[in-house]
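Colleague: The following block contains the structure, expressed as structure tokens.
The values are calculated or read from the model by the stated rules, or taken from the named source; none is laboratory data. Nothing here was measured: the structure is a model prediction, and the numbers come from that model. With ideal geometry, Cβ positions are generated from the backbone for all residues, glycine too; neighbour counts draw on all protein chains shown. Heads up: the accessible areas ignore ligands, DNA and RNA and are worked out on the full protein's heavy atoms, side chains in. Shrake-Rupley method; radii C 1.70, N 1.55, O 1.52, S 1.80 Å.
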Amino acid sequence: QVQLVESGGGLVQPGGSLRLSCAASGTTNNMYPMGWYRQAPGKQRELVARVASDGTTNYADSAKGRFTVVRDNAKNTLDLQMNSLKPEDTAVYYCNLERGFNRYWGQGTQVTVSS
């Protein structure tokens, strides 16, 4: 069974940085697409950044230039480095893995950007 465990959330001031980490287990293939999504209160879950099987990345417009997604295939982890954080980045951040028609989600980690 695929399991995803996120860590690294917390409270940060505007302009600050956080690094989220997602550790995947239960899969022998480290090349499945993985990504980070977020959901703010009262809003739908949205893509933040995704790494495809071939290693290509895509980012939400709101994340471009501020966030960087890093995949370590040897460790089967997916990190999200977030810089220049804004209050509107406040949300629960979820790690996602795609395996065929199945999508797996972590439990989420809260990121709060506030002074």
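Colleague: Taking the condition of a type outside the set (D, E, K, R), farther than 24 Å from Gly100 by Cβ, open to solvent by less than 30 Å² (accessible area, probe 1.4 Å) and modelled with pLDDT of 95 or more, does Val69 pass?
Modeller: So Val69 does not fit the description; no.
Colleague: Related question: Select from segment 95-114 the residues that are in contact (Cβ under 8 Å) with a residue 24 or more places away in the chain and among the small types (Gly, Ala, Ser) and write down the one among them that is farthest from Pro14 (Cα to Cα).
Modeller: Gly106
Colleague: Within segment 1-78, considering only strands (runs of 3 or more DSSP E) that don't extend past its boundaries, which have at least 3 residues that are β-branched (Val, Ile, Thr)?
Modeller: 67-72
Colleague: In addition: Where the second residue is acidic (Asp, Glu) and part of a strand (DSSP E or B) and the first is on the phi < 0 side of the Ramachandran plot and lies in segment 32-47, which pairs have Cβ atoms under 7 Å and are six or more apart or on separate chains?
Modeller: Pairs that qualify, where the first residue is on the phi < 0 side of the Ramachandran plot and the partner is acidic (Asp, Glu) and part of a strand (DSSP E or B), are Tyr32/Glu98; Pro33/Glu98; Tyr37/Glu46; Arg38/Glu46.
Colleague: Residue check, Gln1 against (1) open to solvent by 30 Å² or more (accessible area, probe 1.4 Å); (2) polar (S, T, N, Q); (3) under 30 Å from Ser115 (Cα atoms), all met but one. Which one?
Modeller: The number of the failed condition is (3).
Colleague: Going through Tyr93, Tyr59 one at a time, which residue ends up being open to solvent by less than 50 Å² (accessible area, probe 1.4 Å) and at pLDDT 95 or above? Give the derivation first.
Modeller: Numbers: Tyr59 fails: open to solvent by less than 50 Å² (accessible area, probe 1.4 Å).
So the residue among Tyr93, Tyr59 that is open to solvent by less than 50 Å² (accessible area, probe 1.4 Å) and at pLDDT 95 or above is Tyr93.
Colleague: Condition first: at pLDDT 95 or above and open to solvent by less than 70 Å² (accessible area, probe 1.4 Å). Now tell me which residues in segment 75-86 satisfy that.
Modeller: Leu78, Asp79, Leu80, Gln81, Met82, Asn83, Ser84, Leu85
Colleague: A further question on this structure: Looking at Thr90, Thr109, can you tell me which residue is under 11 Å from the mean Cα position of the chain (by Cα) and among the polar types (S, T, N, Q)?
Modeller: Exactly one of Thr90, Thr109 is under 11 Å from the mean Cα position of the chain (by Cα) and among the polar types (S, T, N, Q), namely Thr109.
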